[in-house]
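Here's the structure, in structure tokens; my notes come after.
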Amino acid sequence: MIITISRKTGSGGHTIGKLLAEKLGYDFYDKEIVAAAAKEMGIDEKLIMENGENMSEQDYIDMKSGFIPYFKKAEVPYEEIREAQDKVIHSIAEQGNCVIVGRGADDILRERDDVFSIFIHAGMEYRIERVRRHEGKTSQEERIRKELERKDRSRAMYYRYFTQKEWGKAENYFLCLDAGIFTKTQCTDLIIQAVGMKKRCCSDKT
């Protein structure tokens, strides 16, 4: 089974994915995909980290219209990054049981029957508090809020451009979980139960 996790920034999707992989004994991939794609393209990892699942609204408009200033195309090669990540993710999936976080893996692997896609989200206040704890700061709430809102928009633009679907919309995933309501352990256990049910369902059909 290939489990893909899409997530809102600050919701804890990475942590849930890592815990899930540990409990299932699956391989875990997140930033490893960035490193592999950067090596494939021969470019700086930072360029893929910042643009491998994010796209500004202006870039989205430019890309959809087909009018891309030369300096923008040279700076952010979205299509080439997507192609490299596509190749890496397909290669990872061929190796078997794993958990893949982000990078549009749910859509890249959409034709496979052994994929279980998940979306992890949480309310803004919960996400702000998690970022605060991570940064070790108790102030700057407005800055964090604006940054989270910006990242939500940029991930939505990227996902819409490459999939023609809406990021975070329930119908695009097998399971959506609110990490602000359920603990990380509860989210992990619910995912394991749901994956087991899907496996049994597929077995019954065969």
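Readers should treat all values here as calculations from the given coordinates under stated rules, not as data from a laboratory. As the structure is a computational prediction, the values presented were derived from the model and not from experiment. Glycine also receives a Cβ, built like all others from the backbone with ideal geometry; neighbour counts cover every protein chain displayed.
A few points about this structure:
- For SER91, SER56, SER6, SER11, the sequence from fewest to most other C-beta atoms within 10 Å is SER91, SER56, SER11, SER6.
- Take every Cα pair under 8 Å whose residues are at least 6 apart in sequence, average their separation, divide by the length of the chain, and the relative contact order is 36 percent.
- Sequentially through region 3-12, phi angles give Karplus couplings (6.51, -1.76, 1.60; θ = phi - 60°) of 9, 10, 10, 9, 7, 7, 4, x, 7, x Hz, Gly and Pro residues having no value and appearing as x.
- Close amide H pairs (under 5 Å, H built 1.01 Å from N) link PHE28 with VAL99, residues at least 5 positions away or on another chain.
- Close amide H pairs (under 5 Å, H built 1.01 Å from N) link CYS176 with PHE119, residues at least 5 positions away or on another chain.
- Region 165-176 - phi-based ³J(HN,Hα) in whole Hz, Karplus 6.51/-1.76/1.60, Gly and Pro as x: 10, 8, 4, x, 6, 3, 5, 8, 9, 6, 8, 10
- Rg in Å to one decimal, and Dmax rounded to a whole Å, for region 2-205 via C-alpha atoms: 17.3, 54
- The chain - mean residue ellipticity at 222 nm from DSSP helices (-39,500 (n - 2.57) per run, n ≥ 4, rounded to 500): -18500 deg cm²/dmol
- The magnitude of the dipole of region 1-129, with charges of +1 and -1 set on the Cβ of Lys/Arg and Asp/Glu and taken from the Cα centre, is near 200 debye.
- Under-5 Å amide H pairs with PHE116, H placed in peptide plane, nonlocal only: ILE2, ILE3, THR4
- Options VAL34, GLY168, GLN193, ranked by Cα towards positive dipole end of the chain, top entry (Cβ charges): GLN193
- Estimated D of region 86-156 in µm² per second, where Rh is the Kirkwood radius over Cα pairs and Stokes-Einstein applies at 37 °C, 0.692 mPa s: 225 µm²/s
- Of the peptides 75-85, 160-170, the order by per-residue mean of other Cβ atoms within 10 Å, starting with the highest, comes out as 75-85, 160-170.
- Per residue, the average separation of C-alpha pairs within less than 8 Å and at least 6 apart gives region 1-114 a relative contact order of 50 percent.
- Computed over the alpha-carbon atoms, region 18-137 gives an Rg to Rh ratio of 1.01, Rh here being the Kirkwood radius from the mean inverse distance.
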